[in-house]
Amino acid sequence: MTLEEKQDTAFKKQIRKVIFGTETRSGRWFDIGLIICILLSVLLIILDTIDSYHQQYGQAIYYAEWAFTWLFTVEYLLRLYGSVSRWAYMKSFYGVVDLLSILPSFLALIFPGANVSLAFRILRLFRIFRVLKLLRYLSEGNLLLKAMVQSRRKVFIFFFSVSLIIMALSVVMYVVEGPNNGFSSIPKSMYWTIVTITTVGYGDITPQTNLGQAIASLTMLIGYSIIAIPTGILTAEISHEMVAERDLRKCSNCGTRGHNLQAVYCHHCGSELEQPNSEGNP
């Protein structure tokens, strides 16, 4: 290996340590600066959609946004240069997000009609997940996903039952109120029933007869009664999954099971426990 190749490798390692790692002081400062730039960039995108700010500061926001775009472009190229496998980084989730966060700005120069695609710049917010290393909480996300999968049949039966209630109430309201009071069709009545049973209540369609108002009151009470059912189903499944995962955590020294997911040491012998990986498995 020549001296230039050695220097090149050392330079790549340094870039990799700063950009992809947080173990060094420079890496932590880089992540902090990147978070600030991402948040400022997204703030500019939001402010630019307000007419008064766009009229008064539109030019300054435009130049500032392009400054951030070039900054993120240089950062993306440095990530490509310092990656162990460039293709693996490019096709990864965060590699795609990094590219999509800068690509719309350049596409708008080539295709002026692509200004709508500039909204994709909001994807820069997803980059904070990598900077803050939020993937460490992936095990909690998997726990929630497992609970949702396990409760899918119960939730389906619940929604099917609610659909039958909505259909029945819609027909009743259509017959009781009729087109003169805004219930011009059964689909229109279904819209009112869904809005009422979910306790939203837009007020654009309201029953006028005494019987209709009584049915509306009953519908509201039904909405409050059933709104907690899916929450209870999901909570029960989450509790079941948490107990199951606790039972899976076993001390490699004494074999004791039932440790908390956040436990570091065995509650029986005091040995250090093997920490679960990103999928939540020991």
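The values are calculated or read from the model by the stated rules, or taken from the named source; none is laboratory data. Just so we're clear, the structure is a prediction, and the values are computed from it rather than from any experiment. Cβ: placed from backbone, ideal geometry, glycine included. Neighbour counts: every protein chain shown. To get the accessible areas, we keep the full protein, side chains included, count just its heavy atoms, and leave off ligands, DNA and RNA. Shrake-Rupley method; radii C 1.70, N 1.55, O 1.52, S 1.80 Å.
Here are the numbers for the structure shown:
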read-out	value
Mean separation of Cα contacts under 8 Å, 6 or more apart, over the residue count of the stretch 31-115: relative contact order %	19 percent
For the stretch 44-99, projected area of the alpha-carbon convex hull averaged over all directions, nm²	4.2 nm²
Backbone HN-Hα couplings from phi across the stretch 46-51 [Karplus 6.51/-1.76/1.60, Hz, Gly and Pro as x]	5, 5, 5, 7, 8, 4
Under-5 Å amide H pairs with G201, H placed in peptide plane, nonlocal only	T196
Share of alpha-carbon pairs per 10 Å distance bin for the stretch 6-68, given as whole %	21, 31, 23, 18, 7, 1
Two-site FRET efficiency, A236 against L39, from Cβ-Cβ distance with R₀ of 35 Å, rounded to 0.05	0.35
The stretch 16-110: Cα Rg divided by the 2.2 N^0.38 Å rule of thumb	1.22
Efficiency of FRET from Cβ geometry, I50 and S184, R₀ 35 Å, rounded to 0.05	0.40
The stretch 188-228, accessible area per residue, ligands and nucleic acids excluded (1.4 Å, Å²)	58 Å²
